[in-house]
Amino acid sequence: MTSTIPAPELVQPAGAPSTPQLRPDDAMAAPLPDRPARRVVVHVVGLLLLGCYWSLARGVMAVGAMYGVQWSAQDVLRIGLGQVGASMVLFFWLMWMVIARTGLSPRVSNRSRLLQRSAAAACGIAAMYSAIPTSSTLARFAGQMIFACVLVWLTVEVTRAHGVSLGGKLPATPAQRLRDWKIGWMAFVVCVVSGAAAALMDSLIRWAGIEGIPVMQGDQLSVLGIDSPGKFALALVRTVAIEDVVVVAATTALLTAARRPAWEVYTLASVIEVLMHAYTGLPAIMAVLFAVGRVWLYRRYRSLLPLMAAHAVFDVKGGDLPLLDLDYVYRLVLVLLVWAVFIWISHRLMTAAATEAHSPPTSWLRPRQPRFLDLEKACLSRPTRRTYPSPRRRLDPRHLRPHEPLVRSRPSQAFGRRCEVARARLNTQPGRTGL
């Protein structure tokens with residue numbers, strides 16, 4: 001028994017500000033029975049092992065090198081063969097899921113069935129071929145990127161088989177785009193806080209000069225072997241695909257559907273993130289903030305694309321600027337320019353969302369105050385589409401509600417009828433020609 005996770009919706013109550021408010025989901029998914037729940041846990045473990053194998057092996061080698069362990073070429077070859085085995089498991093698992101989904105069903109045409117199975121076979125073969133150990137670092141980065149993309153397809157197939165949605169739909173309305181933009185800002189703040197905490201711990205350890213504490217030698221790009229924008233782009237796609245789609249989205253959605261407690265989700269994601277960043281040494285424990293913050297945002301707002309975009313922007317800020325080899329003045333100008341573009345996009349999204357809601361746009365700093373409406377003129381004039389307050393309220397702008405439904409309420413209709421009676425009496429007086 002499976003059920004699809006509902007996507008988050010916007011809430012616009014009466015009297016609310018013109019910008020849409022974020023509403024968390026009360027339940028991410030309907031709980032699964034016992035046997036499917038155990039199968040879900042097994043699938044989550046399998047996806048994490050496939051996605052994090054190379055990163056975990058690299059972290060173990062980096063930590064060993066910090067303590068003086070010399071890794072031979074045979075050890076590196078064994079790790080490469082393990083990656084080939086992981087790609088073979090990925091190929092057969094993906095083919096099994098695609099064949100099971102595109103079975104002999106009248107809902108799937110023969111052409112679509114053939115195309116999907118052929119694409120799955122081609123992607124699996126490409127993942128296995130790219131996993132073969134090679135001396136070219138660029139080919140190795142390209143192979144890891146291909147493997148990550150195929151793993152994302154497998155993740156989507158697994159979640160679909162369990163009736164779980166990852167929430168990766170594009171926003172269709174201005175209000176939804178503004179909502180995703182706000183979620184992306186919060187995710188970017190989480191990335192900045194965790195990165196700053198890791199950098200601060202690294203600086204304190206180096207300043208204290210304590211021996212025996214593992215610390216990354218050099219900068220992060222040199223440790224990862226990234227020395228060109230092409231390698232950085234390939235590594236960025238792989239990182240976002242595995243850490244955001246597999247570690248955060250799939251793990252959180254599937255374990256929640258399997259009725260696992262929230263602390264297990266946070267703990268598993270935090271442990272995986274710390275191990276994947278183990279090459280940085282002791283500052284890798286700050287990845288707990290990185291994992292907990294993103295998992296909390298995904299559990300609360302159920303939106304994946306803002307998390308991926310924020311993670312990618314943060315990595316570009318921290319990795320692409322050093323590769324450009326610019327002076328600090330030009331870097332500062334570039335950062336200020338990007339910040340101005342972000343503010344401009346925010347203002348445009350707020351204006352579009354407010355226009356869609358038939359309300360005055362909200363400025364960047366604070367919302368505009370509602371205009372004072374003349375109640376007598378409004379009721380004596382021809383009907384409009386606005387809703388006016390009840391005559392029992394005080395005539396104070398703070399009591400006006402410009403965001404009520406676009407129909408007249410009962411008190412307003414009664415007041416309008418009284419005004420019509422008063423106007424008819426005035427018209428019957430001698431010497432009056434009417435209002």
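Brief remarks follow.
- Search result, residues across region 269-303 that are open to solvent by less than 60 Å² (accessible area, probe 1.4 Å), among the aliphatic types (A, V, I, L, M) and over 11 Å from the mean Cα position of the chain (by Cα): Ala269, Ile272, Val274, Met276, Ala278, Ala284, Met286, Ala287, Val288, Ala291, Val292
- Qualifying positions in region 116-146 - open to solvent by 60 Å² or more (accessible area, probe 1.4 Å) and in contact (Cβ under 8 Å) with a residue 24 or more places away in the chain: Ile125, Ile132, Pro133, Leu138
- When region 175-197 is limited to residues that are open to solvent by less than 30 Å² (accessible area, probe 1.4 Å) and in contact with a Ser or Thr (Cβ under 8 Å, 6 or more places away or on another chain), the one that is farthest from Val246 (Cα to Cα) turns out to be Leu178.
- If you go through region 89-104 and keep only what is more than 29 Å from the chain's Cα centre (by Cα) and farther than 18 Å from Ala119 by Cβ, you end up with just Leu104.
- Checked against the criterion of being of a type in the set (A, V, I, L, M, F, W, C) and within 18 Å of Gly59 (Cβ to Cβ), region 247-264 has at least one qualifying residue.
- Any helices (runs of 4 or more DSSP H) falling wholly within region 218-301 and containing at least 1 residues that are among the charged types (D, E, K, R): 229-240, 262-276, 287-301
- Some residue of region 209-225 being open to solvent by 30 Å² or more (accessible area, probe 1.4 Å), modelled with pLDDT of 90 or more and not charged (D, E, K, R): no
- Flag for Phe141 being under 30 Å from Asp227 (Cα atoms), part of a helix (DSSP H, G or I) and out of contact with any Phe, Trp or Tyr (no Cβ under 6 Å at 6 or more places or on another chain): yes
- Within the span defined as region 304-314, every residue fails to be over 17 Å from the mean Cα position of the chain (by Cα) and open to solvent by less than 50 Å² (accessible area, probe 1.4 Å).
- Filter result (open to solvent by 20 Å² or more (accessible area, probe 1.4 Å) and aromatic (Phe, Trp, Tyr)) within region 147-173: Trp153
- Boolean, Met95 is in contact with a Gly (Cβ under 8 Å, 6 or more places away or on another chain) and touching a residue at least 12 places away in the same chain (Cβ under 8 Å): yes
- Test: residue in region 73-89 that is at pLDDT below 80, out of contact with any Pro (no Cβ under 7 Å at 6 or more places or on another chain), closer than 27 Å to Arg238 by Cβ and aliphatic (A, V, I, L, M): no
- Boolean, Ser105 is open to solvent by 50 Å² or more (accessible area, probe 1.4 Å), of a type in the set (Ser, Thr, Tyr) and assigned to a loop (DSSP other than H, G, I, E, B): no
The values are calculated or read from the model by the stated rules, or taken from the named source; none is laboratory data. None of these values were measured; they are calculated from a predicted model. Here the Cβ is made from the backbone with ideal geometry for all residues, glycine too, and neighbour counts use every protein chain on show. Ligands, DNA and RNA are excluded from the accessible area calculation, which covers all protein heavy atoms including side chains. Shrake-Rupley method; radii C 1.70, N 1.55, O 1.52, S 1.80 Å.
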